[in-house]
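The structure appears below as structure tokens.
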Amino acid sequence: MSEEHTQEPSTTDIQAGGAGPRGRESSASGLSPAGRAVRITITLVITGLVVATTLWGADDFFPFAPFKMYSHSRDLDGWAGSTRVMAVNEAGEEFALTEAATGFRRAEVEGQMSRFRDDPEMLRHLAEAYQSTNPDKPEIVAVRIVVRRYRLENGYRTGEYTDTVEVSWTREGAAA
């Protein structure tokens with residue numbers, strides 16, 4: 001009885017471009033020249049987008065551009081700002097409108113700051129959002145976006161701060 005032995009091609013045969021299993025031509029990457037060209041083209045386009053938008057882009061181009069807020073460091077001595085939304089209800093109570101009370105995150109408010117400045121009436125939507133989640137509370141008659149700027153020394157607050165009302169809205173006919 002004789003035994004037949006079949007020998008699989010070695011790694012060297014495959015890397016050298018020899019016939020692979022079942023007689024297919026193989027290459028080191030397993031891609032045809034057209035496939036390699038497509039991958040190289042895609043890589044060059046993405047690299048070009050990343051470079052261009054890093055130099056001239058804005059946050060809107062993410063993920064092809066860095067978020068500007070993460071692309072540089074802050075000076076440890078100077079001023080740092082913190083935005084908050086304040087409301088006044090019919091009872092005259094002033095309080096902060098938080099995400100839990102309205103569903104709006106602070107970052108969303110900050111991101112829309114120019115729109116609020118252009119049209120302060122839009123702050124009414126924050127009051128309406130508060131009312132929908134707190135129907136048993138007194139109605140809101142005024143909303144303000146306030147930026148508190150803290151003075152820093154060596155990265156720590158000194159206790160000195162300033163408050164600036166960036167935009168405000170008062171319900172028509174209400175005294176706030």
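Order 156, 130, 150, 161, most accessible first, counting only protein heavy atoms with a 1.4 angstrom probe. Mind dumping the intermediate values first?
Numbers: 156 165, 130 20, 150 45, 161 110 Å².
So the residues, ranked largest to smallest area, are 156, 161, 150, 130.
What is the distance in Å between the Cα centres of segment 35-112 and segment 121-176?
For segment 35-112 versus segment 121-176, the Cα centre distance is 21 Å.
On the accessible surface of segment 79-171, probed at 1.4 Å, how many percent belong to carbon and sulfur atoms?
After summing per-atom areas, the C and S share lands at 44 percent.
Per residue, how much accessible area does segment 60-136 have with a 1.4 Å probe, in Å²?
It amounts to 68 Å² per residue over segment 60-136.
Tell me, what is the FRET efficiency for residue 54 and residue 117 to the nearest 0.05, using R0 = 41 angstrom and their Cβ-Cβ distance as r?
So the FRET efficiency works out to roughly 0.90.
For residue 139, list long-range residues whose amide hydrogen, built 1.01 Å from N in the peptide plane, is under 5 Å from its own amide hydrogen.
Distant-sequence amide H within range of residue 139: 90.
Calculate the FRET efficiency for residue 95 and residue 156 from the Cβ-Cβ distance with a Förster distance of 35 Å, rounded to the nearest 0.05.
Efficiency computed from Cβ-Cβ geometry: 0.80.
Show me, for segment 78-89, the HN-Hα J-couplings you get by feeding each phi into the Karplus relation (A = 6.51, B = -1.76, C = 1.60, θ = phi - 60°), rounded to Hz, glycine and proline as x.
Values, residue by residue: x, 10, 10, x, 9, 8, 9, 10, 10, 10, 10, 9 Hz.
Using only the alpha-carbon atoms of segment 76-134, report the extent along each of the three principal axes, biggest first, to the nearest angstrom.
The Cα atoms of segment 76-134 stretch 40, 24, 20 Å along the principal axes, largest first.
The values are calculated or read from the model by the stated rules, or taken from the named source; none is laboratory data. This one's a predicted model, so the numbers in the text were calculated from it and none came from an experiment. Methodologically, a virtual Cβ is constructed for each residue, glycine included, from the backbone with ideal geometry; neighbour enumeration extends over all protein chains shown. Ligands, DNA and RNA are excluded from the accessible area calculation, which covers all protein heavy atoms including side chains. Shrake-Rupley method; radii C 1.70, N 1.55, O 1.52, S 1.80 Å.
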